[in-house]
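> Dropping the structure in here first, questions after.
Derivation of every value follows stated rules applied to the coordinates shown; laboratory data play no part. Note that this is a predicted model, so its numbers are computed, not measured. Please note: Cβ atoms are built from the backbone with ideal geometry, for glycine as well, and neighbour counts cover all protein chains shown.
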Amino acid sequence: MSVGFQLSYLAVLGIVYVQAPLYRLWEIDNAFGDWVWKITTVSIAAQLATFALGLLYFHQFPVYFLFSNLFVIPGAFVILLLGIGLLIFSFWSVLAAGIGKLLSLAIYIVNQGVFFIEGLPFSLLSDIYINTLQSWLLIGVVVLILLVFDVKKFQFMYGAFVLSIGFFFAQHVNHRSYVKPASLSVYSINGYGAVDFIQNSRSYLFTDSALLSDEDRVRFHIRPNRVRSGVRKRQSL
């Protein structure tokens, strides 16, 4: 049930199944262009496999993922090699210290690149809410569309259309159930008390300042309910 486990294995499955056919669609003569295209197809394949879970767990979609992955993917490979090297030569303190510094530098560079891309205008589509059923429906749509191109049978497109209709119907049900009515939510947060009154896309949160300063707890415990309820304006009391 680990989120990291699910995302990692789905990403690998997408890369194994989708990347090679995508890569063969365009043959580039020069080495640099071919490298960029290869990284791009890896990014598209991984994103196709994982975007439904990203919407479910994080309620956002990275618009510039193609640009960020141009340095994240090779950067992650460098970090992996340096991490393995650090483990292998851990008995040699001088060499291990040098590798450790290189590893820290590589992680820092990749993180700064990610933060830069995230800071660009319109880098994220945020406050997106889907439930578990809708996530499965999106995954089903992607699988069926891929099967259309893989086995060359258009009948799978009808199934993708049906699942798409089901997705939008579930979204409509969510809107009527959670967005329109006023609601009072009491959050179960270890060590804190929090009550949220939501009405007309506005949230009034009653809690203490310690919880408000803990962004991770707010993001994990409170934000999903607000996104589901269509909150656009927030006020803490």
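> Which one is right for this structure if volume of the Cα convex hull per residue in Å³ is calculated from it: (i) 180; (ii) 229; (iii) 132?
Given (i) 180; (ii) 229; (iii) 132, the calculated one carries the label (i).
> Moving to a separate point now. What size of dipole, in debye to the nearest 20, comes out for the chain about its Cα centre when the only charges are +1 on Lys and Arg C-beta atoms and -1 on Asp and Glu C-beta atoms? All intermediate terms of the calculation are to be shown ahead of the outcome.
Numbers: 16 positive and 11 negative charges, 143 e Å.
So the dipole magnitude of the chain works out to roughly 680 debye.
> Considering amide H positions built from the backbone, and no H for Pro or chain starts, which residues 5 or more places from L124, or on another chain, come under 5 Å of its amide H?
Here the answer is V63, since their amide H atoms fall under 5 Å of that of L124.
> Where does each of 87-95, 168-176 land if you order them by average Cβ count within 10 Å, highest first?
Values: 87-95: 11.0, 168-176: 13.0.
The densest-packed peptide leads the list: 168-176, 87-95.
> Same structure again: Among the helices of the chain (complete DSSP H runs), which have Cα atoms covering no less than 30 Å along the helix axis and a Kyte-Doolittle mean of at least -0.5?
Answer set is 31-58, 65-88, 93-118.
> Classify the range 99-188 as rounded, prolate or oblate, taking a ≥ b ≥ c as the square roots of the eigenvalues of its Cα gyration tensor: rounded when a/c is under 1.5, otherwise prolate if a/b is larger than b/c and oblate if not.
Details: a/c = 2.96, a/b = 1.31, b/c = 2.26.
Oblate shape, in that a/c is at least 1.5 and b/c is the bigger or equal ratio.
> Distance from a point 7 Å along Cα→Cβ of K38 to each backbone N in the range 58-73: keep the residues under 19 Å and list them by number.
So the set is 66-73.
> Percent antiparallel among DSSP beta bridges with both residues in the range 183-236, to the nearest 5?
Working: 13 of 17 bridges.
Of the beta bridges lying entirely in the range 183-236, close to 75 percent run antiparallel.
> Report the rotationally averaged projected area of the range 183-236 based on its alpha-carbon convex hull, in square nanometres. Don't jump to the answer; show the numbers that get you there.
Details: hull surface 12.9 nm².
Averaged projected hull area, Cα only: 3.2 nm².
> Additional query: So if we plug the beta-carbon distance of D150 and S183 into 1/(1 + (r/R0)^6) with R0 = 35 Å, what FRET efficiency do we get, rounded to 0.05? The partial results should precede the final answer.
Values: r = 44 Å, r/R0 = 1.27.
The computed FRET efficiency comes out at 0.20.
> Could the peptides 42-55, 59-72, 147-160 be put in order, highest first, of the mean number of other beta-carbon atoms found within 10 Å of their residues?
Packing order, densest peptide first, comes out as 42-55, 59-72, 147-160.
> May I ask for the equivalent-ellipsoid semi-axes of the range 15-75, computed as the square root of five times each C-alpha gyration tensor eigenvalue and listed largest first in whole Å? Don't skip to the answer; put the middle values down first.
Details: eigenvalues 109, 36, 12 Å².
In descending order the semi-axes read 23, 13, 8 Å.
> Using helices alone, I'd like the mean residue ellipticity at 222 nm for the chain: each DSSP H run of four-plus residues gives -39500 (n - 2.57), total over residue count, nearest 500.
Working: 9 runs with 144 residues, N = 237.
Estimated from H runs of four or more residues: -20000 deg cm²/dmol.
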